[in-house]
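Take a look at the structure set out below.
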Amino acid sequence: MAVRRLYHIQPASFAFTPENEAWVKRELTKYPPGRERSAVIPVLWRAQEQEGWVTEPAIRVVGRMLDMPAIQVLEIATFYTMFHLAPVGRKAHIKVCGTTPCMLRGSDDLIAHCQDRIAGHQHEVSADGDFSWEEVECLGACVNAPMIQIDADTYEDLTVATFAQLIDDIAAGRAIRPGPQIDRMLSAPEGGLTTLKDIQDRPSAAAKTASLADVAGKEPAPAANVREAPAPTDIVAKAGARDQVPESRTEKATTSDPRVPPPQKVPDEFKPELLTGARDGRPDDLTRIVGIGPKLAQMLNGMGVYHFDQIANWTDSNLAWVDANLSAFKGRAIRDRWVQQARDIVGVTEPDTAGGMPGGGQ
């Protein structure tokens, strides 16, 4: 990747419009408290949509809004090529795909037209300030090569002539149509269907049967190639047969991972030590255990699990009970080795056999 730097001329300041500032505030509510910086990419993208490019003042504003050092926001803006670090054309910034399929279908000619019509170099704004361009990697519609992207839309199956007309239409403010620029539907074959040409005009078997029934005024007979609905008694019989699975098959289906207990209710006699509240009102930060996020920590607290030593003392049966009661996160405690992690945190190296320290499936 080439070195990406901020443009040498920068505006004096940046501020989100009231509408965009309200959007940012709504966006931040999607993230847990303290994790707002995870919104840096959508917030930067909003700044770019407003200004056309990412400015140095915008980077500082985004950093303050997300409680991030400006240098970290800059690192993200310079890493992802989706962010423009210099001014772009007012009417369109054109991304020309130059990857192999597009190159074989004439993308070099499109790039040459950009150099002649817009500017001699990438990321350079045209003399009238309306256009800029760059060559990018695969845009994902290789069967419709060559193609370009403008904002969120792609324009495919281009020739130099249709590409030039597209630029002229944008310059004149005329409406343009995204997608293939030839007579084809999405990625269907060029020229239309070559086989099964009458398939769109052919009514389905079910439709034929229904129309015949209307004429005859009686219940329709089963149409050809239309599976007859089974009688309710057949459904019950088949359901009963499905329930009678050989024991070996049932065991195989429920124990593909030998560490994960079968999906069944675990008696409450295997419930681990649970507390009515954290000791001294200070619960441990359970999110230090890999696999436990804020949501899971809240669920565990609701169950009565507040401290690492509680988890470290779970037996296999305790672990099975907890797993069964975390139905939305079933298997997480075993897969991520919560018991062993908790032991590492509290400094327990060997199971306490007298107290029934768990293997925990470790």
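Only the coordinates and a few stated rules stand behind these numbers; no lab work does. Keep in mind that this is a model prediction, so the values were computed, not measured. Cβ: placed from backbone, ideal geometry, glycine included. Neighbour counts: every protein chain shown.
Inter-label distance, residue 177 to residue 104: 2.8 nm, where each label sits 7 Å from its Cα along the C-beta direction. Output the pairs from 30/295; 25/91; 30/330 with a Cα-Cα distance over 22 Å in this structure; if there are none, say none. Beyond 22 Å between Cα atoms: 25/91; 30/330. Dividing the alpha-carbon radius of gyration of segment 18-79 by the rule-of-thumb value 2.2 N^0.38 Å gives 1.02.
Sorted from fewest to most neighbouring beta carbons within 10 Å, what does the list 110, 274 look like?
Numbers: 110 26, 274 12.
Lowest count first: 274, 110.
Karplus-based coupling profile of segment 58-65, in residue order and whole Hz: 5, 4, 5, 5, 4, x, 5, 5, with θ = phi - 60° in 6.51 cos²θ - 1.76 cosθ + 1.60 and x standing for Gly or Pro.
Look at 93, 123 and count the other Cβ atoms within 10 Å of each Cβ; fewest to most, that gives 123, 93. Taking the Kirkwood radius as Rh and the Cα radius of gyration as Rg, segment 268-355 has a ratio of Rg/Rh equal to 0.92.
Applying the criteria of a DSSP loop state and at most 14 other Cβ atoms within 10 Å to the chymotrypsin sites (Phe, Trp or Tyr not before Pro) of segment 79-120 yields 80.
With N set to the residue count of segment 61-173, report its C-alpha Rg divided by 2.2 N^0.38 Å to two decimal places. Intermediate values should be presented prior to the final figure.
On the way: Rg = 15.8 Å, N = 113, 2.2 N^0.38 = 13.3 Å.
After normalising by residue count via 2.2 N^0.38 Å, the value is 1.19.
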